[in-house]
Amino acid sequence: MMDIGDEKDEITKISHSLKETGEIAKEFSNKLSQGDVVALYGPLGSGKTFFVRETAKCLGAGDLITSPSFVILNEYKTNLPIYHFDFYRLKNEEEIANIGFTDFLNQKGIFFIEWPEKAEQMLPEEYYRIVFEILDKNSRKIIISKIHKMIKHYLY
């Protein structure tokens, strides 16, 4: 019998300013490599797009990063392309599949996804999960996890 489960590595950071969030993003950018998927969770205004912007700047994207809420996807040409998805306006996995999301994941690059809860089953076997919690006007709790979906085998 098999059971699907998650194994994860996790770190929690508290940011009290945009500058501190930028420093966390810079530190995180050093962990990224080709093919990495970063799923960002949190309410509107929690800092997801800012975190992507700061991380992408460290990866060579400059200051051009904006929220793709209205276009669903922004692509930034760097040494390693950056794909920034925002599924806020999409309703379900069928709509996400219709934009060719899984085809994009087969390309070379780094992938950031805002509102990934709408595509949970479509996420790869391994990805980063970043959860943003609003503590007050300027402070955020940022939980960064490396998710490894595993199949556990049970012998009888």
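The values are calculated or read from the model by the stated rules, or taken from the named source; none is laboratory data. In this text the structure is predicted, and so the values were computed from the model without any measurement. Glycine gets a Cβ as well: all are built from the backbone with ideal geometry, and neighbour counts include every protein chain shown.
The table for this structure:
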item	result
Identity of the residue in region 60-73, among the aliphatic types (A, V, I, L, M) and crowded, with 17+ Cβ neighbours inside 10 Å, that ends up modelled with the highest pLDDT	72
Complete set of residues in region 87-116 that are free of Cβ contacts under 8 Å to residues at least 60 places away in the same chain and part of a helix (DSSP H, G or I)	93, 94, 95, 96, 97, 98, 101, 102, 103, 104
In region 88-122, residue surrounded by the fewest Cβ atoms within 10 Å (Cβ to Cβ) [restricted to those that are closer than 19 Å to residue 77 by Cα and β-branched (Val, Ile, Thr)]	110
Where residue 76 falls short, out of the listed (1) within 25 Å of residue 134 (Cβ to Cβ); (2) out of contact with any Phe, Trp or Tyr (no Cβ under 6 Å at 6 or more places or on another chain); (3) at pLDDT below 95; (4) of a type in the set (Phe, Trp, Tyr)	(1)
Residue 23, sole failed condition from (1) modelled with pLDDT of 95 or more; (2) closer than 19 Å to residue 123 by Cβ; (3) out of contact with any strand residue (DSSP E or B) (no Cβ under 7 Å at 6 or more places or on another chain)	(2)
